Each structure stands twice: as C-alpha cells, then as structure tokens.
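Please read the structure below before turning to the comments.
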C-alpha cells in the first residue's frame with residue numbers, strides 16, 4: 001500500500017481486449033511505469049484497485065490478473081457509468097491512474113490443501129479468473145486440491161476470457177463447467193442458470209470451499225443449492241459489490257451493517273454475513 | 001494522567017491569545033451577523049466566549065468541507081500528480097464546547113485508524129484543543145446521556161471553566177500542560193477548585209436525561225427490520241443538514257475538478273441521507289428510500305461505530321435537534337427505539 005492512500009500512480013494501457021460480443025466489456029492490460037509502484041503493489045486474487053481516468057474520476061475494479069504475472073495488471077470493465085464509459089474510449093498508450101491494492105482478497109491460506117468450487121456469473125467472474133489462474137500456476141497447483149469452476153452467462157458470446165477458458169479445458173487439472181442461459185448453434189456447454197448447473201454438477205462439500213461471485217440474483221439462488229449440497233456457511237465465500245469511493249473504510253458509503261465492503265471485504269464468508277444485519281440481501 | 005489546574009484571569013486572556021496567534025492559526029468562536037461560528041481569528045478582540053454553542057461544529061478546521069487531495073497534469077502517455085504541501089503552522093481550537101472536543105475523538109479513530117488519512121492527521125497532530133465548559137447547557141443539549149458532560153475534558157488538551165473573574169484551566173497530557181506554562185496562568189487555589197466543582201455539578205443537574213435503553217447497540221441490531229423505522233423516517237426530508245452540522249459525521253465524496261489535461265481531485269463532504277450516496281451505476285440502490293437512509297444514520301451512530309470504534313457517533317451537541325427543518329428530534333427517536341419490544 002502507498003503512503004498516501006488517495007494518490008494514484010500512473011499505468012500505461014498495453015492492450016485493450018473486447019471480451020463480449022456486445023462489446024460492453026473490455027479488459028485493460030496495464031503496465032507499471034515505475035518499478036517502485038510495481039514493488040509496492042503486492043496483491044492476492046480477490047483484491048481490487050481504484051482506476052482513475054483523470055478529469056472524469058475513479059471506479060473500483062477487482063484485479064482480473066494474478067500476482068503470478070509480473071509487470072501487468074488487468075481489469076475488466078463493463079461500460080455502465082461515467083468512468084467506465086471514459087475507460088472504454090481509451091486506447092493502447094493512454095495512461096490511467098491506479099491506487100491499491102485494496103480490500104482483503106480471497107483467504108488463500110485457508111484454501112490451501114482444500115478442494116475449491118468457484119461459481120461465477122457474467123461479469124462477476126473477473127476475480128475468479130484471477131483465483132483460477134493463481135491456483136493453476138505451476139508454483140501453486142500442489143498447494144490446492146481439486147478445482148471445479150462453474151461459470152455462466154446469458155449467452156455464450158457474453159462469457160469473458162475465451163482464451164483462458166480454452167486453455168483450462170485442455171489443461172486437465174480443472175473441472176470446467178460452462179453454461180449459457182440460452183443455447184446457440186455450436187454451443188457445447190451446459191444450458192441453464194448457474195444455480196441449476198451447480199446442482200447437477202453436485203460438487204462434494206467434504207474438505208472444500210465454495211466461492212461465489214456474480215450478479216445478486218445468481219448469488220441468491222446459488223446459496224441454497226450449495227447449502228442443499230452440504231456446504232456450511234463457513235465453507236462459502238462471497239465477493240460483494242457496493243458503491244465505493246475511498247476504498248479504505250472512511251468515506252462511509254459501502255457498509256453492510258457494521259462492515260465496510262471496501263476495507264473489511266469485499267470477500268466475506270457466508271457465516272460472517274449472516275452475523276451482520278439484514279442489509280446484506282443474502 | 002494527572003490533571004493539572006491553573007487559573008487564567010480574564011484580563012490576561014487577550015495576552016494569551018496574542019501569543020498563540022503569533023505562533024499558530026487560532027480558531028475561536030466569533031460573531032457573524034446573528035450567529036456564532038468557529039473561525040480563524042487574527043485579534044483577541046474578535047473572540048466571543050459568552051456564547052451557547054456555534055452554529056456549525058468545528059470539524060471543518062481539521063476536515064474541510066472541500067479540500068484538494070492532489071493536482072494532476074496529463075499529456076498523451078504521461079500523467080503527473082502533485083500533492084499540496086501540508087499545514088505549515090500548528091493550530092489551536094480555542095473555546096470550543098466539550099461536546100465538540102469529544103467529537104474529535106471519533107474523527108481521530110476514523111481517520112487515524114486502519115489506513116491512516118494523511119490530510120486529517122497532518123492537521124490534527126499539530127492542533128491544540130482548548131475547550132470551554134458549559135455552565136448553562138441549552139435545552140437541546142444531551143451530552144450527559146451520550147457519555148460526556150457539559151464540563152467533560154475528553155478530547156480537550158485544556159478545559160476552561162468560567163468562574164466569573166477568571167477561568168479554571170485543567171490540562172490533560174503534555175500538550176495541555178505545555179500551554180499552562182504560559183505566563184497568563186497562575187496557581188489555582190482551593191476556593192476556585194470548589195467553585196469549579198459546584199459549577200460542573202449544577203450544569204449536569206440542569207440537563208434532562210434521554211429516556212433510552214442501556215444496551216441500545218444490541219437493541220438496534222434486533223430492530224433492524226422493525227416497521228418502526230418507516231414511521232420514524234416519515235417526516236424526514238433527506239436534506240442532510242443533521243449530518244453537515246454534526247461534529248462526528250465524516251462521510252465524503254471524491255470528485256474531479258478540471259479537464260482531462262489538468263485539474264484536481266477534491267474531497268468534499270457528503271451525506272448518507274442523499275439518495276445518490278449509494279446509488280450504483282447499474283441503477284441498483286441498496287438504500288432506495290428515506291427509511292433505509294434514516295436507519296443507516298441511526299445505526300451507524302448508535303450500533304456500528306460503538307461496535308467497530310468503541311465510541312458512539314453522537315456527542316449530544318443538539319445541532320441536529322435545533323436545525324432540523326421538520327423538527328425531528330434524535331432524542332425522541334432513541335426513546336422510540338427503546339420502547340416496547342423489537343418486531
């Protein structure tokens with residue numbers, strides 16, 4: 001973390017990848033411009049950063065890259081508001097500001113030696129991509145048990161990270177289940193909503209943790225399925241989204257009950273959330 | 001900590017203030033039109049110590065309503081960021097009320113805890129707090145029910161108590177003791193100490209306690225989904241005046257002022273009472289109506305902050321009571337939330 005937590009450091013856009021057929025989601029591959037910034041930016045999957053477009057503002061994004069890829073950070077951005085709109089107009093060579101890493105990230109120490117079941121939907125998959133690539137990295141793979149990834153989108157063309165998905169399919173040490181709400185010609189994955197697919201895949205809760213990340217409705221319907229399969233509240237982790245500004249638990253905006261999503265989260269176990277107020281919606 | 005007591009005769013106050021003004025920025029109660037505000041002074045004659053309380057809390061001295069966090073300048077492939085230099089001189093908050101001094105303790109926890117806020121802490125570390133005890137609290141005051149008191153020294157480096165021809169000055173800690181080294185102060189005597197004690201007791205006795213449950217924090221948790229919130233929030237306009245005037249409210253927004261080429265990132269006060277505060281770009285708002293926003297304000301002050309910071313987010317200054325345009329009285333809210341059983 002930087003000395004002054006409000007001041008971003010510059011990063012250059014190296015590549016802009018259009019992820020989805022509707023072109024609403026782009027991934028920005030950024031490179032550090034100063035070695036000192038890279039050295040300070042030590043992160044774990046599940047953490048996020050505030051990305052600045054100078055003159056427009058900043059918005060929080062989970063790192064879609066993993067710390068096993070040195071020199072780069074990637075952020076997937078859905079064009080939805082003012083900052084994300086401005087980001088979508090930027091190109092290779094442009095400079096953005098970044099401050100972070102922020103938030104707690106996934107509890108990797110706790111996950112070690114366990115089977116992992118990652119359940120993601122749509123755009124919410126970005127930090128699960130980070131976690132998957134982290135676990136699959138040759139230096140880390142032996143630290144974790146079986147890896148199951150369940151990932152869905154409304155249409156096949158709205159799934160992100162096509163290259164990674166292809167690579168994981170052939171890699172063999174990850175059980176990948178892709179699903180689309182609606183079938184299309186040539187689609188070989190599941191058809192149906194993520195919770196249903198989770199039920200049919202029926203991951204074993206023994207010695208396992210589940211991580212759920214996606215739109216609120218998907219989370220809402222996936223949680224009971226996981227419980228039905230035998231996952232306890234302390235075995236289920238969620239990554240929450242709220243409107244954020246400061247990212248360091250001061251501006252008072254993103255709390256769920258007594259906890260700030262930015263600084264106490266964004267990753268919470270279902271057991272932690274159950275202890276908070278009814279405000280968590282899950 | 002041993003409290004140190006001395007006497008400050010009223011005729012020696014201007015001299016003290018003159019010496020302070022030479023060394024520091026001094027902020028004190030002054031009259032602006034018909035109202036009292038805490039403002040920087042450049043002459044002792046501007047200070048008005050015979051007052052009830054300032055219209056605004058003094059939090060802006062440490063946490064300005066608008067401040068520049070950094071300036072930026074960009075050209076293609078480049079971005080330079082520059083942070084403005086910090087406070088050059090130390091500050092004194094002189095003659096603020098004990099409730100407001102106590103409010104600083106909560107701000108200290110929020111801005112100083114976890115990832116420390118360099119802008120607030122830079123100003124705070126060089127600030128001396130000299131508060132003035134209240135002999136006659138306002139009818140809207142309820143500091144005593146919030147764990148403080150009209151003559152509480154919590155959050156003050158020096159607490160002054162008006163004894164008629166002079167002030168009894170009580171110092172807590174090194175900063176306060178250092179101020180009492182000034183030539184304006186003289187040794188205290190038994191009579192003054194007795195008089196001060198009597199003043200304190202009288203002031204406390206004049207206050208009406210707020211009828212509320214002892215374990216309000218736990219009670220509020222149980223009442224999160226209670227239908228009572230809807231009734232309580234019914235008349236609230238979501239205007240946010242309660243939060244702007246509050247000595248402990250600290251929510252803020254970060255905004256850009258300028259163009260893509262040059263400008264600054266600013267921090268500006270915000271309020272949990274505004275609908276856009278939590279509105280997400282997708283259109284989803286976790287606090288869509290006044291009920292949720294009103295509940296957030298109360299829960300934050302009386303449940304979340306006690307849990308996370310060990311302090312209430314209310315010092316009982318009563319500004320939200322006197323300035324609310326629809327006469328919503330937070331004391332009555334606390335009483336309502338203490339009545340009957342959670343539903």
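Rule-based calculations on the coordinates, nothing more; no lab input. The structure presented is a predicted model; accordingly, all values stated were derived computationally and were not measured. Cβ coordinates were reconstructed from backbone atoms using ideal geometry, including for glycine residues, and neighbour counts include every protein chain displayed.
For this structure, a couple of remarks:
- Cα pair distances exceeding 23 angstrom across segment B:217-339, given as percent: 35 percent
- Residues B:167, A:237, B:51 in ascending order of nearby Cβ atoms (within 10 Å, fewest first): B:51, A:237, B:167.
- For segment B:88-194: rounded, prolate or oblate by the Cα gyration tensor [a/c cutoff 1.5]: oblate
- Dimensions (Å) - chain B, Cα atoms, principal axes, largest first: 66, 63, 40
- Solution diffusion estimate, µm²/s, Stokes-Einstein, segment B:1-121, Kirkwood Rh from C-alpha pairs, 25 °C, viscosity 0.890 mPa s: 144 µm²/s
- Span from the segment B:272-316 Cα centroid across to the segment A:80-154 one, whole angstrom: 30 Å
- Prolate/oblate/rounded call for segment B:142-219, Cα gyration tensor, a/c under 1.5 rounded: oblate
- Extent of chain A along its three principal axes (Cα atoms, max minus min coordinate, largest first): 48, 45, 36 Å.
- Shielding of B:74-86 by partner chains, average beta-carbon count, 10 Å: 4
- A Förster radius of 51 Å, combined with the Cβ-Cβ distance separating residue B:116 from residue A:191, puts the computed FRET efficiency at roughly 0.50.
- 10 Å Cβ neighbours from other chains, averaged over peptide A:255-265: 3
- Label-point separation, residue B:323 to residue A:163 (7 Å along Cα→Cβ), nm: 5.5 nm
- Distance from the alpha carbon centroid of segment B:35-83 to that of segment A:7-47 works out to 35 angstrom.
- Reported value for segment B:230-282: 111 Å³ per residue, from the convex hull of its C-alpha atoms.
- Between the Cα long axis of helix A:126-136 and the first principal axis of chain A there is an angle of about 70°, rounded to the nearest 10.
- Each 5 Å bin from zero up to the one holding the largest Cα-Cα distance in segment A:108-239 carries the following percent of pairs: 2, 11, 23, 25, 21, 12, 5, 1, 0.
- Among A:37, A:94, a tally of other beta-carbon atoms within 10 Å of each Cβ gives an order, fewest to most, of A:37, A:94.
- Anisotropy class of segment B:284-343 from Cα gyration tensor, a/c 1.5 cut: rounded
- Dimensionless Rg ratio for segment A:9-102, taking C-alpha atoms and the 2.2 N^0.38 Å reference: 0.99
- Extents of segment A:159-215, taken as max minus min of Cα coordinates on every principal axis and listed largest first, are 37, 25, 20 Å.
- Shielding by other protein chains, B:172-185, mean Cβ within 10 Å: 0
- Counting only DSSP beta bridges whose two residues both lie in the protein assembly as shown, roughly 70 percent are antiparallel.
- Pairwise FRET efficiency - residue B:19 versus residue A:271, Cβ, R0 = 56 Å, nearest 0.05: 0.45
- Relative exposure of B:314, A:251, judged by other C-beta atoms within 10 Å (fewest first): A:251, B:314
- If you wrap the tightest convex hull around every Cα atom of the protein assembly as shown and split its volume per residue, you get 170 Å³.
- Cα-Cα separations in segment A:175-257 greater than 18 Å, expressed as whole percent: 54 percent
- For the pair residue A:14 and residue A:184, the difference between a 0.36 nm per residue extended length and the Cα-Cα distance amounts to 57.9 nm.
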